[in-house]
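Only one structure is covered here, and it is reproduced in the block below.
Bear in mind these aren't lab numbers, they're just calculated from the coordinates by the rules spelled out. The structure displayed is predicted, hence computed values, not measured ones. As a convention, Cβ positions derive from the backbone with ideal geometry for all residues, glycine included, and neighbour counts pool all protein chains shown.
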Amino acid sequence: MRFAYFDTCVTIYYVERNPDYFSRIEAALFSNEEAAVFPVVSDLTRLECRVFPLRTGDRDLLDRYDTFFGLSEVRCANIGRRVFDLATELRAGHGLQTPDALHLAAAINAGCDELWTNDRRLEQAAEGRLSVVSLTVSG
């Protein structure tokens, strides 16, 4: 069992069933119990995912996000002062954008084993703290 922080793009891929990524994410989530992945998100992830359906009035998509964020298997990482302080250090030291630094800091602070993303720039900033799993499709 391992805990994987899902950044916004990975959460979108899963909830919206993106054909390039969904099956790989689902396979990891529902693999054998020993290798199972438990998703961790934050209120920042929730905010970023809910903007588009709210903006476009897509109630069905908004409900799908709210259902995902409400699942008992989905844990929520706290983003408090400690996370903001770490995000500040990551942003200053690695040139990350604020949301990326907050996602990485939330994952580290929550004790996640992995950060799932498509942003390879986070690998260097995460080095020695957790593994970055990139879902980028080859080709």
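Taking the chain as a Gaussian network, where each spring joins two C-alpha atoms under 10 Å apart, which residue of F30, F22, F84 fluctuates the most?
Most flexible of the set in this elastic network: F30.
Just to check I understand the Karplus step: with θ = phi - 60° and J = 6.51 cos²θ - 1.76 cosθ + 1.60, what whole-Hz values come out for the range 67-80, glycine and proline as x?
5, 4, 5, x, 5, 5, 6, 8, 9, 10, 7, 6, 10, x
Quick one: which residues, 5 or more positions from C76 or on another chain, have an amide H under 5 Å from its amide H? H modelled 1.01 Å from N in the peptide plane, none for Pro or chain starts.
V41
Hey, fewest Cβ within 10 Å first, where do S72, S131, S23 land in order?
Lowest to highest Cβ neighbour count: S72, S23, S131.
Show me, for the range 96-106, the HN-Hα J-couplings you get by feeding each phi into the Karplus relation (A = 6.51, B = -1.76, C = 1.60, θ = phi - 60°), rounded to Hz, glycine and proline as x.
With the stated coefficients, the range 96-106 comes to 6, 6, 3, x, 5, 5, 5, 4, 5, 5, 5 Hz.
Show me 4-10, 37-43 ranked by packing, highest mean number of other Cβ atoms within 10 Å first.
Per-residue Cβ counts within 10 Å, averaged per peptide and sorted highest first, yield 4-10, 37-43.
How long is the gain from L71 to L135 if the chain were fully straight, where each residue apart is worth 0.36 nm and the alpha carbon distance is subtracted?
Extra length available between L71 and L135 comes to 20.8 nm.
Order by neighbour count: D60, D20, fewest other Cβ atoms within 10 Å first, most last.
D60, D20
Once every DSSP H run of n ≥ 4 in the chain is given -39500 (n - 2.57) and the sum is divided by its residues, what mean residue ellipticity at 222 nm do you get, rounded to the nearest 500 deg cm²/dmol?
My calculation for the chain gives -15500 deg cm²/dmol from helical runs alone.
I'd like the projected area of the range 57-100, averaged over all directions, using the convex hull of its alpha carbons. Report it in nm² with one decimal.
4.6 nm²
Cα centroids of the range 1-41 and the range 70-111: how far apart, whole angstrom?
Here the answer is 19 Å between Cα centres.
Calculate the spin-label point distance for Q124 paired with N78, positioning each point 7 Å from the Cα along the beta-carbon direction, and give it in nanometres.
3.3 nm
If I compute semi-axes √(5λ) of the Cα gyration tensor in Å from the structure I just sent, which labelled value in (1) 25, 17, 15; (2) 67, 17, 7; (3) 22, 18, 15 lines up?
Here the calculated entry is (3).
Quick check for me: using +1 on Lys/Arg Cβ and -1 on Asp/Glu Cβ, what's the dipole size of the range 2-134 about its Cα centre, in debye to the nearest 20?
320 debye
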